[in-house]
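The values are calculated or read from the model by the stated rules, or taken from the named source; none is laboratory data. Just so it is clear, the model here is predicted, and its values are computed rather than measured. Don't worry about glycine lacking a Cβ; one is built from the backbone with ideal geometry, like all the others, and counts go over all protein chains shown.
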Amino acid sequence: MTISTLNQNLKTDIWQRNAPKPRKYQLNIFARAKNEDLLVVIPTGLGKTYIATMLGVHFLKKFNGSRNIIFLAPTRPLISQHIESHKKVVDLGELGFMELTGKINPEKMLKKTIENGR
């Protein structure tokens with residue numbers, strides 16, 4: 001699969017126009033990860049979050065109508081970092097992002113979820 005083919009496959013109405021183009025190794029990892037379970041271990045700063053974003057967009061497009069992608073991280077700051085990184089390249093419009101960290105009591109989270117129509 002070529003880079004241009006993968007880029008074409010990623011085009012959706014939620015992918016930001018100013019999103020950086022993925023690097024070849026990111027596209028190779030993405031191509032494999034979308035078809036099988038995969039643990040990506042590469043050095044910090046090489047784009048694991050960006051690969052995860054590409055996968056999220058891919059699955060939102062593949063399962064039209066599905067609106068939930070869940071990213072797990074071991075720390076609250078990392079969850080916030082993921083959300084900010086995703087906002088830079090993905091426009092979910094009214095769907096937005098929700099951070100679940102255990103700091104918000106369940107009743108308040110349920111009320112917020114119902115208000116947002118999720």
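Of the set (1) loosely packed, with under 14 Cβ neighbours inside 10 Å; (2) over 28 Å from Thr113 (Cβ atoms); (3) modelled with pLDDT under 90, all apply to Asn35 but (3). Being crowded, with 16+ Cβ neighbours inside 10 Å and part of a loop (DSSP other than H, G, I, E, B) is true of Ala19.
For the stretch 50-77, taking the residues that are surrounded by 11 or more Cβ atoms within 10 Å (Cβ to Cβ) and among the β-branched types (Val, Ile, Thr), the one that is farthest from Leu92 (Cα to Cα) is identified as Ile51.
Taking the criterion of being at pLDDT below 80 and among the polar types (S, T, N, Q), the residues of the stretch 50-94 that qualify are Asn64, Ser66, Asn68. Gly47 meets all of the listed conditions (1) within 30 Å of Gly102 (Cβ to Cβ); (2) modelled with pLDDT under 80; (3) surrounded by 13 or more Cβ atoms within 10 Å (Cβ to Cβ) but one, namely (2). On the stretch given as the stretch 68-102, residues that are farther than 18 Å from Tyr50 by Cβ and among the polar types (S, T, N, Q) total 3. The single condition among (1) modelled with pLDDT of 90 or more; (2) assigned to a helix (DSSP H, G or I); (3) over 23 Å from Leu92 (Cβ atoms) that Ser4 does not satisfy is (1). When Val57, Val89 are checked against the criterion of being hydrophobic (A, V, I, L, M, F, W, C), in contact with a helix residue (DSSP H, G or I) (Cβ under 9 Å, 6 or more places away or on another chain) and touching a residue at least 60 places away in the same chain (Cβ under 8 Å), Val89 stands alone in meeting it. When the stretch 92-115 is filtered for residues that are under 29 Å from Trp15 (Cβ atoms) and in contact with a helix residue (DSSP H, G or I) (Cβ under 8 Å, 6 or more places away or on another chain), the ones remaining, listed by number, are Phe97, Met98, Glu99, Leu100, Thr101.
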